[in-house]
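Taking it in order: structure first as structure tokens, then the write-up.
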Amino acid sequence: MNENQALKPIFYRLSDKKFGDIDEDYSNFKKSKVVVVQIPYEKTTTYIKGTKNGPAAIIDASGNMELFDDELNQEIYKIGIHTVEIPGISDAGPEDMVKKVRDTADELLRLGKFPVFLGGEHSVSIGAVAAMKKNYPDMSVLQLDAHYDLRDEYLGSKYNHACAARRISEMCPLVQAGVRSLSKEEKDFLNTKANGNIKTVNVYDILEKPLWKDYAINGLSENVYITIDLDVFDPSIMPAVGTPEPGGIGWYEITDFLKEIAKDKKIIGFDVVELCPMENQIMSNFLAAKLIYRLLGYIYMSNNKK
């Protein structure tokens, strides 16, 4: 059997390009600890379209990174990073998409791989978390995002990108950080006892409370899945998102937070979503690729528990 066939074809197809443009010795399925899964999905996007192009743009930008990490002084790619796509995902309905992502994540975990999902819209995270919960019953989720995403339903669907965090909170404890935009419906929900699974650190907490990172980390269980909506960053450094919100977080503040989590917790997987590539502007694509690579470094290079 070809080593790249270890993941059943029903769940994947090989990507035309590899994350980091890594040599076959470090990107084949059998030897790779990490599998990067592209999910070019945007069926429920409501403002700027283009998130379906985000995964490919990240992969393309990653091929232009230096693979030696200057902070960690390591060649992170040597952990092995394999790159795949989920076939037929773009045309699926929201609920079917969630099932496809869940089944793919479940298969990767069964094979002992660390999954990294590239959206597409934020609803892809629902399926990933469902699979993680099955395999790690005591898990929690950290959501880095400008938007609370806590609507129960939006435009007729409970699997709309605006409902992603609500669905996640129904499966496991959720810590939100960097949030700064919500509807009255979401505010009312947060004021009820029904939100007992949710802990929120908004931008005002970040501005006013020096120990906000400790507060957020203390709300997480030992096993943590991270979902990163790129609009958590300030639009001055990450303009290529569907709904850019002013007042976001900077690069070093985010990466320092992720480093602390990797030291204190076991990160079991993560996703990066909502990149909406802009013509003739590759800064955002490159930031997303570098963020993924740096976080993998924190997980595998700076934590002895891994």
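The values are calculated or read from the model by the stated rules, or taken from the named source; none is laboratory data. Just so it is clear, the model here is predicted, and its values are computed rather than measured. Don't worry about glycine lacking a Cβ; one is built from the backbone with ideal geometry, like all the others, and counts go over all protein chains shown.
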* To do: May I ask you to verify whether Leu295 is surrounded by fewer than 23 Cβ atoms within 10 Å (Cβ to Cβ), assigned to a helix (DSSP H, G or I) and hydrophobic (A, V, I, L, M, F, W, C)?
  => no
* Picking from Leu190, Leu211, which residue would you name as being surrounded by fewer than 16 Cβ atoms within 10 Å (Cβ to Cβ) and touching a residue at least 40 places away in the same chain (Cβ under 8 Å)? -> Leu190
* Which pairs have Cβ atoms under 7 Å, sit 6 or more apart or on different chains, and link a residue in the range 126-138 that is farther than 15 Å from Leu111 by Cα and free of Cβ contacts under 8 Å to residues at least 40 places away in the same chain to one that is of a type in the set (Gly, Ala, Ser) and part of a helix (DSSP H, G or I)? -> Gly127/Ala105
* Report, ordered by the first and then the second residue, all pairs with beta carbons closer than 6 Å, sequence separation of six or more or different chains, a first member in the range 259-288 that is within 23 Å of Thr45 (Cα to Cα), and a second member that is part of a strand (DSSP E or B) and charged (D, E, K, R). => Val273/Asp229; Glu274/Asp229
* Asked: Would you pick out the residues in the range 59-73 that are under 15 Å from Lys259 (Cα atoms) and in contact (Cβ under 8 Å) with a residue 24 or more places away in the chain?
  -> Asp69, Glu71, Leu72
* Asked: Quick one: how many residues across the range 56-79 are crowded, with 20+ Cβ neighbours inside 10 Å and small (Gly, Ala, Ser)?
  -> 3
* To do: Go through the residues of the range 223-242 one by one and say whether even a single one is farther than 22 Å from His161 by Cα, buried (at least 16 other Cβ atoms within 10 Å of the Cβ) and in contact (Cβ under 8 Å) with a residue 24 or more places away in the chain.
  => yes
* Asked: Which one of these does Ala92 not meet: (1) within 21 Å of Ala130 (Cβ to Cβ); (2) small (Gly, Ala, Ser); (3) at pLDDT 95 or above?
  -> (3)
* Structure fact -> Among residues of the range 100-114 being under 19 Å from Ile226 (Cα atoms), surrounded by fewer than 24 Cβ atoms within 10 Å (Cβ to Cβ) and not acidic (Asp, Glu), the residue farthest from the chain's Cα centre (by Cα) is Gly112
* Check Thr44 against each of (1) modelled with pLDDT of 95 or more; (2) buried (at least 17 other Cβ atoms within 10 Å of the Cβ) and name the one condition it does not meet. => (1)
* Would you mind finding the one in Ile261, Ile267, Ile254 that is β-branched (Val, Ile, Thr), farther than 13 Å from Ala146 by Cβ and part of a helix (DSSP H, G or I)? => Ile261
* Asked: Among the residues of the range 107-128 satisfying the criterion of being in a loop (DSSP other than H, G, I, E, B) and not small (Gly, Ala, Ser), which is modelled with the highest pLDDT?
  -> Lys113
